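For reference, the structure is listed below as structure tokens.
The values are calculated or read from the model by the stated rules, or taken from the named source; none is laboratory data. Owing to the predicted nature of the structure, the values given are computational and were not obtained by experimental measurement. We place every Cβ from the backbone using ideal geometry, glycine too, and count neighbours over all the protein chains shown.
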Amino acid sequence: MNKKSWIIAIVAVIILVLGVLGTNLSQQSSLNALMTSGSNPLTTVQNTIETGDVNRQIAVLNVDGTIMDNSGSGSFSEGMDYQGILDAIETIKADDTVKALMLNVDSPGGGVYESVELYNALADLKETREIPIYVSMGQTAASGGYMISMVADQIYADVETTTGSIGVIMQIPNFSGFMEEHGLSMDTYKSGALKDIGSSYREASDEEKDVLNDLITEKYNRFVEIVAQGRGLSTDEVKKLADGRIYTGQQAVDNGLVDAIGYEDDALAALKSDNNLEGASVVDYTPSSATSWVNDFVGMLSKNNLFTGSEDTNIADEMTQILDVLESTSTPQFYYMYGGE
């Protein structure tokens, strides 16, 4: 084994060990941070964007990235702070000085459970506080990212924003052909015919396909109802637009899925003028996203092209592949997400 192979093996072992211990390490780190800062877990850091009347705040919340709860995924988790977003919504709801919410969405969507939970939290905020919510769509606000935008009084998007993708997706890899080719098999002992539904080790039965399609239909209809309510359309009108296709911002305006073309500044200006909030302070409630030090380490290797082998394949590339495998889950999931899993 050459030097490069030894290094890859050692780092892989370290990552595997951290993957097992990751949840406990993450929890301990969070606890230590809280003890050091003296803060409590429901306190949201607030950054003033525009100074103004502190008794009339416009809260800003950025939903940036895949809508997934990675809080229990261990050391490899990164992306948006999903639980932090939910906590920020609760903080905003409890603050009577907040008179409006500017919601910036740049997300391809995510898990069905998380997308619906986040939508419900925003809808509850709007109903409880009776405050206007304006949405500014970034580069992408599709599927679950579009769903959470349905709480808005007004939705702004750029002409090149990618939005829509109204629908549900579930993808299950099928290794049965590979296993048969290589003489492999999986012995499964189960209490019922459908106990291993979604198995990657065999072809799905017609009954299993029917069960999963029924679940997909139920979740799809829920999405359609949310869009119909948010956009003031009938479910039949929504279904004509909801075959999973994506739209540009301009197409979305033309078909009634978005209200106007504009950037965040345009949406914020409209929010102020439409609701007599000129002179209000603008405060960002978005939680910070923590990125795994392991991913930082891999990025450093890639950036510096360290330990490049004779075949021009550096360790960073191979470790990234290992991380991708470790991050994947064998449990089938339902997604409101553009592009699949």
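For residues in region 124-155 being among the acidic types (D, E) and over 20 Å from the mean Cα position of the chain (by Cα), which is surrounded by the most Cβ atoms within 10 Å (Cβ to Cβ)?
Among them, the one singled out is D153.
Just to be sure I understand the filter: pairs with C-beta atoms under 7 Å, separated by 6 or more residues or on different chains, first member in region 209-238 and β-branched (V, I, T), second member surrounded by fewer than 16 Cβ atoms within 10 Å (Cβ to Cβ). Which pairs pass?
If the second residue must be surrounded by fewer than 16 Cβ atoms within 10 Å (Cβ to Cβ), the pairs left are V211/L194; V224/T235; T235/E225.
Looking at (1) farther than 24 Å from D153 by Cα; (2) in a loop (DSSP other than H, G, I, E, B), find the lone condition where L233 falls short.
Only one criterion in (1) farther than 24 Å from D153 by Cα; (2) in a loop (DSSP other than H, G, I, E, B) is unmet by L233, namely (1).
Enumerate the pairs (first residue in region 33-57 and farther than 18 Å from D87 by Cα and among the hydrophobic types (A, V, I, L, M, F, W, C); second residue anywhere and in a strand (DSSP E or B) and at pLDDT 50 or above) with beta-carbon separation below 6 Å, excluding pairs fewer than 6 apart on the same chain, so at least 6 apart or on different chains.
As it stands, the answer is I49/V282; I49/D284; V54/S281, since those pairs meet every condition given.
With R222, R231, R202 as the choices, which residue is among the basic types (K, R) and within 30 Å of A269 (Cβ to Cβ)?
When all the criteria are applied, what remains is R231.
Return yes when S176 is of a type in the set (S, T, N, Q), exposed (fewer than 14 other Cβ atoms within 10 Å of the Cβ), more than 19 Å from L241 (Cβ to Cβ) and out of contact with any helix residue (DSSP H, G or I) (no Cβ under 8 Å at 6 or more places or on another chain) and no when it is not.
In short, no.
Just one of I246, I226, I216, I197 is over 30 Å from D153 (Cβ atoms) and within 23 Å of the chain's Cα centre (by Cα); which is it?
Criteria check complete, one pass: I216.
Residue by residue, here is whether (1) modelled with pLDDT under 95; (2) among the basic types (K, R); (3) over 16 Å from the mean Cα position of the chain (by Cα); (4) over 30 Å from I216 (Cβ atoms) holds:
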position: D53; (1), (2), (3), (4): no, no, yes, yes
position: G72; (1), (2), (3), (4): yes, no, no, no
position: G79; (1), (2), (3), (4): yes, no, no, no
position: D87; (1), (2), (3), (4): no, no, no, yes
position: T97; (1), (2), (3), (4): no, no, yes, yes
position: V112; (1), (2), (3), (4): no, no, no, no
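Mind checking whether some residue in region 129-140 is touching an Asp or Glu at 6+ places or on another chain (Cβ under 8 Å) and at positive phi?
There is no residue in region 129-140 that is touching an Asp or Glu at 6+ places or on another chain (Cβ under 8 Å) and at positive phi.
What helices (runs of 4 or more DSSP H) completely inside region 240-341 contain at least 2 residues that are modelled with pLDDT under 90?
Answer list for region 240-341: 293-304, 315-327.
Output yes when any residue across region 130-144 is of a type in the set (D, E, K, R) and touching a strand residue (DSSP E or B) at 6+ places or on another chain (Cβ under 8 Å), and no when none is.
No, region 130-144 has no match at all.
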